[in-house]
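What follows is a single structure, written as structure tokens, with notes after it.
The values are calculated or read from the model by the stated rules, or taken from the named source; none is laboratory data. All values reported here derive from a predicted model rather than from experimental measurement. With ideal geometry, Cβ positions are generated from the backbone for all residues, glycine too; neighbour counts draw on all protein chains shown. These area figures cover heavy atoms from the full protein model, side chains too; ligands, DNA and RNA do not enter into them. Shrake-Rupley method; radii C 1.70, N 1.55, O 1.52, S 1.80 Å.
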Amino acid sequence: SNDVRSTFAIQYNGLLTQSSEPDKAKLLHVGYELNYSDVFFLRFGYNQRYWTSGLELASESFQMQFSTYGEEIGTQSKPKEDRRWAVKFSYRF
């Protein structure tokens, strides 16, 4: 419709050098965004083995975003996720 748009993207890093990477899942990035009237945004993704997501509410005068993603802090033999959370507020004038 005129009010709803969506975007889907896939990125695979190291296509020519993937044979030297022990964990192929770390090379894949996937993302999806649903945009409703440039006011409400819903985002989901996958980055280096961990899920990501975000929510945004925007208007002419402000923008508020909430997001989360996983960061690798372990070793190759013992992977460990550190979940990160972020909040952003912007006032537009």
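Miscellaneous remarks
- Given (1) assigned to a loop (DSSP other than H, G, I, E, B); (2) touching a strand residue (DSSP E or B) at 6+ places or on another chain (Cβ under 8 Å); (3) open to solvent by 90 Å² or more (accessible area, probe 1.4 Å), index of the condition residue 78 fails: (2)
- For segment 38-58, residues that are hydroxyl-bearing (Ser, Thr, Tyr) and either open to solvent by 50 Å² or more (accessible area, probe 1.4 Å) or in contact (Cβ under 8 Å) with a residue 24 or more places away in the chain (or both) total 2.
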